[in-house]
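The structure appears below as structure tokens.
The values are calculated or read from the model by the stated rules, or taken from the named source; none is laboratory data. Everything quoted here is computed from the prediction, not taken from an experiment. Using ideal geometry, Cβ is built from the backbone for each residue, glycine included, and neighbour counts are taken over all protein chains shown. Only protein heavy atoms, including side chains, enter the accessible area calculation; ligands, DNA and RNA are left aside. Shrake-Rupley method; radii C 1.70, N 1.55, O 1.52, S 1.80 Å.
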Amino acid sequence: MKPEELQEAVSKGLEPMSAEVKKVGDSVKGLEERIVKIEALPLTKMSAPFINTIPQTYKGRKLSKQAIGIRSLLGKNVGFDSLDKEEKIDEFCKFMIDVISKTTLNETTAAQGAYLVPDEFQWDIIQLARNRSYALQLARVFAMSSDNLYLPAELTLPSVAWKSESTQLTQSDPTFDQVNLQAKKLTAYSAMTNELLADGAVDVVGLLTEQFAYSMGIELDNQMINGTGDPVSGLGTAACGYSTVTSGASMSTVTTSDLSEAISNIEQGLVGNARWLIGRLAMHYVRSLKTTDGIPLFQYAGAQAPSTIYEFPYGVTEKIANTDGSSKLMAIFGNFNYFYLGRRSGAMSIEANPYSRFDYDETQFRMITRWGLAIAKSAAFARIVTA
């Protein structure tokens, strides 16, 4: 075959491939033109759908407002610290908006929720008083991976003795005890109508969540101080290591000597982190203590209140009763690190049941917690009671 014939044959064989290459080139050229046009457009939601924005409302509710109550619980050891990102908080609020409704809270009865449905300008709710909760702040908290947690505790130390040369040693073994934390269930149960959720301008979801958590914290205080054996015998009962009894059957008979005696009962090695928990009425009589010359021992009226009683900090709690009379608890002094709280893993959860009252357009929901409570060392605590 002549060279010119060979060249012609090759050219004809390459024609189909050239046509495909041209198509690819045209496509690339068209794509480049589209990219240039897109790049020239302003960055708006229509021209830049890839810009991800978190929605500010959900079913007519402002998510930022719904999360106010939840954010207030973060870092307070009440079970919401897993909501550590805005996205998680938003998803939680969406879930609660979807399912929350209440059987007894409604719009028509004022005391049962109608006050939550505002006029045009009313956006806040006047909350009940929130008294300070101490148990979760002062007690030592342990994570529990099962329903029982056993913690070893020293009971007695080995004794030592001086011995003469070549004298047989005397065996003396330490003894040990166990502190048993047994998880008990502490629950809160409620529900809310969809109408109340839709029409209430306040953060109903956050408010109810905060109410549940706060109520449980106050109940832990109550058991730590006043428990009668199930789930724990409290520090204000005979389970306390030491008792100082006033001279009379009234809180007014308390003296500075009674306060000092309570402190002196606690061994020096345990007193380092000790503090007072005192009742409101008992605190009145402590403030009223005077010298024989009538000089106030605690503070002058109008002066700044001291932050300690005999150099130890104090807190006033409503869980020490404010009723006077015989055998009434006034105060507890001690190292609260020796009161143990066991928190069962995954203890706190919010569960919803949208089916049981489906015909009422209501959803029931609850908060579940499980706690173990125990006095780890009774000798670390002293109480003051009236005669």
**Item:** Every residue from region 213-264 that is under 33 Å from the mean Cα position of the chain (by Cα) and polar (S, T, N, Q)
**Value:** 215, 222, 223, 226, 228, 233, 237, 243
**Complete:** Filter region 164-185 for residues that are open to solvent by 90 Å² or more (accessible area, probe 1.4 Å) and more than 38 Å from the chain's Cα centre (by Cα); the one that is nearest to residue 230 (Cα to Cα) is 173
**Prompt:** Which one is farthest from residue 374 (Cα to Cα), of the residues in region 238-252 that are open to solvent by 50 Å² or more (accessible area, probe 1.4 Å) and of a type in the set (A, V, I, L, M)?
**Reply:** 249
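Regarding residue 361, is this residue surrounded by fewer than 22 Cβ atoms within 10 Å (Cβ to Cβ), acidic (Asp, Glu), touching a strand residue (DSSP E or B) at 6+ places or on another chain (Cβ under 8 Å) and over 17 Å from residue 265 (Cβ atoms)?
Answer is yes for this residue.
Residue 374 - would you say it is modelled with pLDDT under 95 and of a type in the set (A, V, I, L, M)? Working first, answer last.
On the way: modelled with pLDDT under 95: no; of a type in the set (A, V, I, L, M): yes.
Taking the combined requirement at face value, the residue does not satisfy it.
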**Complete:** residue 82 vs (1) modelled with pLDDT of 70 or more; (2) part of a loop (DSSP other than H, G, I, E, B); (3) out of contact with any Pro (no Cβ under 8 Å at 6 or more places or on another chain); (4) of a type in the set (Ser, Thr, Tyr): all pass except (1)
**Item:** strands (runs of 3 or more DSSP E) completely within region 253-352 that count 1 or more residues being exposed (fewer than 13 other Cβ atoms within 10 Å of the Cβ)
**Value:** 312-316
